[in-house]
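Chemist: Have a look at the structure that comes next, please.
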Amino acid sequence: MVIGGGPAGATAARVLSRAGVDTLLVERDFSFVKPCGGGIPSTAFQELEIPDDSVVKCVNAIRVVSPKGETLNIKLSGGSIVIVARGDFDHVLRREAANSGARLLEAEFSCFEDIGKTVTARLALHDPEDAGGRKSLREKMNSAEKKVSQRFVSVEADYVIAADGANSKVRSALKIGAPHSILTLSEKIKGEDADVCEFWFGSSHAPRCYSWVFPQKSGVSAGTGAFEPVSIRTLWQQFLARRGLRTDSSARGYRIPIWEGNLYNSGRILFAGDAAAQAMPFTFEGIYYSMKSGEMAAMAIVGGKVGDYRRMWEKRFLKRFTLMKRLWVYFLRSDYRAEKIVQVHRRPEVQSASMALWLRKDPRKGSLLSYIHIFRRFLK
């Protein structure tokens with residue numbers, strides 16, 4: 001059973017189903033659209049065999065702006081950043097899982113009834129009579145009282161993959177604390193235009209984080225991040241003023257977990273994507289790594305060795321995540337250090353190494369070593 005129908009969960013369900021494993025994919029709300037810039041490296045589509053149904057734009061350059069306003073435009077080589085409509089993208093991934101044989105169920109994980117040689121989960125089903133939201137609150141309450149025994153179902157599974165996001169209810173049920181996270185505020189803004197992915201640094205609007213503007217099919221997606229929730233609205237307004245953006249104040253918040261590398265599984269329950277806090281430090285890229293973690297978790301189950309999940313993930317990503325966390329701590333500690341981001345990336349060899357590692361996701365050891373060599377003096 002897979003709990004969560006986003007990129008991690010849908011990818012896991014597809015891999016399991018293709019291997020002949022009877023798979024149930026449980027998603028709380030198939031209509032939910034996560035606030036997200038929707039940027040994915042183009043190479044991921046071939047690597048993970050993803051249809052391009054949800055692609056709205058391909059971006060071939062990025063722009064980095066320092067706290068003082070120094071700007072660097074970098075043309076991408078060997079790939080591009082693909083912008084997807086996040087709701088459509090998640091739907092495509094779930095469709096691929098269903099086409100591979102997975103069963104999809106719109107329901108919410110409630111609790112675990114038993115964890116032993118198998119795992120039994122209690123799921124809260126949606127009321128099929130209220131699919132259109134037509135009942136009044138009183139009718140819903142009466143319905144819940146009368147049909148409480150019919151609204152829940154127990155499902156037994158050999159394994160569970162928890163891919164239910166940064167606010168994972170599975171983590172809570174197992175009394176595993178929520179990961180530390182960054183709060184972001186973002187908005188789809190019509191009437192604005194951009195042809196590159198922009199990354200803006202500065203403590204006035206994104207302390208220890210960055211703000212962004214990504215092209216969309218119509219308009220742009222803009223956002224900023226913060227560690228202190230009480231300040232996020234002020235930071236958001238300050239970024240809008242700096243970038244010269246006008247909005248209708250419909251920004252939405254969501255959390256990006258901070259990677260610690262300490263959660264892969266608890267017995268027969270495996271964690272993937274944001275539920276495992278597997279967003280890349282510094283860049284906070286999540287979609288690609290969520291899909292890869294879902295793939296690896298599923299492969300470990302197929303192979304019958306849950307411990308292989310951690311081994312696979314660490315072999316591929318541990319050194320990269322560790323390096324990026326150290327660079328994040330160094331460069332975004334202050335505006336003075338953040339200024340160096342633009343300076344360093346003016347060097348052609350730095351751009352080349354970045355393209356290999358972060359855009360093309362080159363898995364070879366040499367691409368990582370070249371990146372480490374470039375930034376060694378900052379990490380002493």
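Chemist: Taking segment 241-272 only, how many residues are touching a strand residue (DSSP E or B) at 6+ places or on another chain (Cβ under 9 Å) and over 21 Å from Leu332 (Cβ atoms)?
Modeler: Final tally of qualifying residues: 18.
Chemist: Which one of Ser211, Ser204, Ser154, Ser168 is modelled with pLDDT of 90 or more and touching a His at 6+ places or on another chain (Cβ under 9 Å)? Give the steps one after another, and end with the answer.
Modeler: Details: Ser204 fails: touching a His at 6+ places or on another chain (Cβ under 9 Å); Ser154 fails: touching a His at 6+ places or on another chain (Cβ under 9 Å); Ser168 fails: touching a His at 6+ places or on another chain (Cβ under 9 Å).
Just a single option satisfies the conditions, and that option is Ser211.
Chemist: Right, another one. Here is a list of conditions, (1) part of a helix (DSSP H, G or I); (2) under 21 Å from Val15 (Cα atoms); (3) not hydrophobic (A, V, I, L, M, F, W, C), and Lys305 meets all of them except one; can you say which number that is?
Modeler: Unmet for Lys305, out of (1) part of a helix (DSSP H, G or I); (2) under 21 Å from Val15 (Cα atoms); (3) not hydrophobic (A, V, I, L, M, F, W, C): (1).
Chemist: For segment 92-129, which residues satisfy the criterion of being within 19 Å of Gly267 (Cα to Cα), in contact with a Ser or Thr (Cβ under 7 Å, 6 or more places away or on another chain) and among the charged types (D, E, K, R)?
Modeler: Glu113, Asp114, Arg122
Chemist: Mind telling me which of the residues Arg252, Arg246, Arg171, Arg233 ends up being surrounded by fewer than 17 Cβ atoms within 10 Å (Cβ to Cβ) and within 30 Å of Ile3 (Cα to Cα)? Steps first, please.
Modeler: Values: Arg246 fails: within 30 Å of Ile3 (Cα to Cα); Arg171 fails: surrounded by fewer than 17 Cβ atoms within 10 Å (Cβ to Cβ); Arg233 fails: within 30 Å of Ile3 (Cα to Cα).
The conditions single out Arg252.
Chemist: Out of Gly4, Gly38, which single residue is at pLDDT 95 or above and either in contact with a Pro (Cβ under 8 Å, 6 or more places away or on another chain) or not β-branched (Val, Ile, Thr) (or both)?
Modeler: Values: Gly38 fails: at pLDDT 95 or above.
Only one candidate passes the filter, namely Gly4.
Chemist: Which residue, of Ser352, Ser367, is surrounded by fewer than 17 Cβ atoms within 10 Å (Cβ to Cβ) and assigned to a helix (DSSP H, G or I)?
Modeler: It is Ser352.
Chemist: Shifting gears a bit: Among the residues of segment 333-347, are any crowded, with 18+ Cβ neighbours inside 10 Å and aromatic (Phe, Trp, Tyr)?
Modeler: No.
Chemist: Still on this structure: Surrounded by 17 or more Cβ atoms within 10 Å (Cβ to Cβ), modelled with pLDDT of 95 or more and outside any loop (DSSP other than H, G, I, E, B) - does that describe any residue in segment 123-132? Spell out the reasoning first.
Modeler: Going through segment 123-132, the residues surrounded by 17 or more Cβ atoms within 10 Å (Cβ to Cβ) turn out to be 123.
Filter once more, keeping what is modelled with pLDDT of 95 or more: 123.
Remaining after also requiring outside any loop (DSSP other than H, G, I, E, B): 123.
Checking segment 123-132: at least one residue is surrounded by 17 or more Cβ atoms within 10 Å (Cβ to Cβ), modelled with pLDDT of 95 or more and outside any loop (DSSP other than H, G, I, E, B).
Chemist: Looking only at segment 173-228, which residues are within 17 Å of the chain's Cα centre (by Cα) and in a loop (DSSP other than H, G, I, E, B)?
Modeler: Listed by number, the residues that qualify are Ala178, Pro179, His180.
Chemist: Out of segment 255-271, which residues are surrounded by fewer than 22 Cβ atoms within 10 Å (Cβ to Cβ), touching a residue at least 60 places away in the same chain (Cβ under 8 Å) and part of a strand (DSSP E or B)?
Modeler: Arg255, Ile256, Ser266
The values are calculated or read from the model by the stated rules, or taken from the named source; none is laboratory data. Quick caveat: nothing in here was measured; it's all calculated off a predicted structure. In this analysis, Cβ positions are derived from the backbone assuming ideal geometry, glycine residues included, and neighbour counts consider all displayed protein chains.
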